[in-house]
1. Please compute the modelled spin-label separation between ARG71 and ASP114, points set 7 Å along Cα→Cβ, answer in nm with one decimal.
2. If you take every DSSP beta bridge whose two residues both sit in the chain, what share of them, in percent to the nearest 5, is antiparallel?
3. Spelling out what I want: for every residue of region 74-86, take phi, set θ = phi - 60°, compute 6.51 cos²θ - 1.76 cosθ + 1.60 (Karplus), and round to whole Hz; glycine and proline get x.
4. If I stretch the segment between GLU19 and SER46 completely, what's the gain in nm (0.36 nm per residue apart, minus their alpha carbon distance), one decimal?
5. What is the list of residues in region 18-49 whose amide nitrogen lies under 18 Å from a point 7 angstrom out from the Cα of ARG12, following Cα to Cβ?
6. Test of understanding: what is the full-extension gain from GLU102 to TRP89, defined as 0.36 nm times their sequence separation minus their Cα-Cα distance?
7. Here are labelled values, [x] 121; [y] 101; [z] 141, and one is the computed volume of the Cα convex hull per residue in Å³ for what I pasted. Which one?
8. Could you tally the net charge around GLU93, taking each other residue with its Cβ under 12 Å from the Cβ of GLU93, Lys/Arg +1 and Asp/Glu -1?
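Nothing in this text is a laboratory measurement; each read-out follows from the coordinates by a stated rule. Just so it is clear, the model here is predicted, and its values are computed rather than measured. Here the Cβ is made from the backbone with ideal geometry for all residues, glycine too, and neighbour counts use every protein chain on show.
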Amino acid sequence: MRVCVSGGLDERMRVTDDERWLVVNGRRWRRTDPCLPEDVAAALRSHLGRGRSAVGAGTRSGDDERVTDARRRVGLAKHGLGERGPRWWEEPEAERIERARESLRELDALDDADGSDGSDD
């Protein structure tokens, strides 16, 4: 493993030599697919952050339905980013990009369906 000093990582964070995993305090996390177009990845990260925020807000308010909906959003965003689901490095690039775009379409449709931007209000 190598220590990353750029991109805001500190000494507790390492990227594996194959650059597929981020190790934080000894725990391994799958990294975002590096082939994703930046606009798609940025939109998915935005949905991910808003989804995580909504999970917290729903948990604090005791709204189980809100938490369930927000966790679905988080899962869709993480699948689109390649952080969950099939291992991105085992699939053709075109399929990976299409999966990301499909996740983004689903997330945008959820926003349209409930008249929100996916945030926790």
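1. Calculated label separation equals 1.4 nm.
2. Beta bridges within the chain, antiparallel portion: roughly 100 percent.
3. Along region 74-86, the couplings run 4, x, 4, 5, 5, 5, x, 6, x, 7, 9, x, x Hz.
4. 7.5 nm
5. 22-30
6. Between GLU102 and TRP89, full extension yields 2.8 nm more.
7. [x]
8. -3
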